[in-house]
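Have a look at the structure below, then the notes.
The values are calculated or read from the model by the stated rules, or taken from the named source; none is laboratory data. The structure presented is a predicted model; accordingly, all values stated were derived computationally and were not measured. Positions of Cβ are backbone-derived with ideal geometry, glycine not excepted, and every protein chain shown enters the neighbour counts.
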Amino acid sequence: MTRRQPGPAQQASQDSDHSVHACARTRLERDLTQPEIQQQPFFWASLLQRSSPTSKLRSRIIPAGHGFAFVPAPQTNFRVVDLHGQQVVDLMAWCLASNLQTAHPSKITAATTTTDAEHFSASYTRYNLGGSAPPIAGECLYTNHDRAMIKVVADKVKCHDMLFMACNPSFYAKKGLIGQRSCAANIAEALNEAGILLRFEGDKATQTDDGDLQVATRPFNWWDVHDPFNVFQNTPYYSLKALECSRKGDWIEFQALLRCVVALSSCPYDQDGFNGGEITDVGIVWEEE
Ligand SMILES: [Zn+2]
């Protein structure tokens, strides 16, 4: 597969989050004006205003064909930026366990990095939008429990997909592409790297001898992920053609309405001109508690 090689700027910034404790906008702008970032002036479009004096603004460049997961502060915005154009970004989200009670509050950490049984649902979102999907600014992505989860705040592209599955290892194996990276595996990998565990016995919790409530958890496999919101994907009526969509520097901004983990994947599918025939990096800026 062809793949745009990351330049020095991207390599330097891939592993560096930009944490901002005070004077958020100024600090983030200084980070983005470092020489290696200046090579991508369109990344300025990713600037967000911090909504709380105690939160941190963070940004990340997701390498081409890879994934990333983050936990936005509830009620804050996050922005997905197409840094080079025509790059699809698969988005998935799970609510995090928040209803677990424990006799030992210091032990709550593990529970709070566990997914709840509730997650983004493409079919529920299509249902709630009455057939007008994908959502436009002011409309929401819904969960499988029929709750508004993530709102679209602003959108430079207005062209996205909620019909296709995430590409996955079986999909590529059928095409003879063994070992190809995939969105499903990228997102499972990103969730695991973020320390998010999959809760796999629904809402059931058991009480330990010392009074803690525990749920059964394990790391994610690629087959555990749900159907995605395919950001910047232009595939009307299931057509899988090389249709242009987002351009360099385009972005969509969301607001997290619930406490959740959001996982993204720069889609590695480059066949038949999809993703512009060349997989590229994407940018993400979010606000963290
Ligand atoms: Zn994909």
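Can we say Phe164 is aromatic (Phe, Trp, Tyr) and touching a residue at least 60 places away in the same chain (Cβ under 8 Å)? When the stated conditions are applied, Phe164 passes them. Counting only residues that are under 24 Å from Gly138 (Cβ atoms), out of contact with any Cys (no Cβ under 6 Å at 6 or more places or on another chain) and away from the ligand (no atom under 16 Å from the Cβ), the range 72-93 holds 9 of them.
The requirement of being within 16 Å of the ligand (Cβ to nearest atom) and in a loop (DSSP other than H, G, I, E, B) is not satisfied by Phe171.
Applying the criterion of being more than 10 Å from the ligand (Cβ to nearest atom) and part of a helix (DSSP H, G or I) to the residues of the range 186-203, the residue that is nearest to Val261 (Cα to Cα) is Leu191.
Scanning the range 246-289 for residues that are part of a strand (DSSP E or B) and within 14 Å of the ligand (Cβ to nearest atom) yields Ala263, Leu264, Ser265, Ser266, Ile279, Val282. It is to be established whether one or more residues within the range 225-239 are more than 23 Å from the chain's Cα centre (by Cα) and at pLDDT below 95. Yes, the range 225-239 contains a residue that is more than 23 Å from the chain's Cα centre (by Cα) and at pLDDT below 95. Among residues of the range 133-156 that are farther than 22 Å from Glu118 by Cβ, those with a beta-carbon under 7 Å from a residue that is assigned to a loop (DSSP other than H, G, I, E, B) and not charged (D, E, K, R) at least six positions away or on a different chain give the pairs Ala154/Ala137; Asp155/Ile136; Asp155/Ala137.
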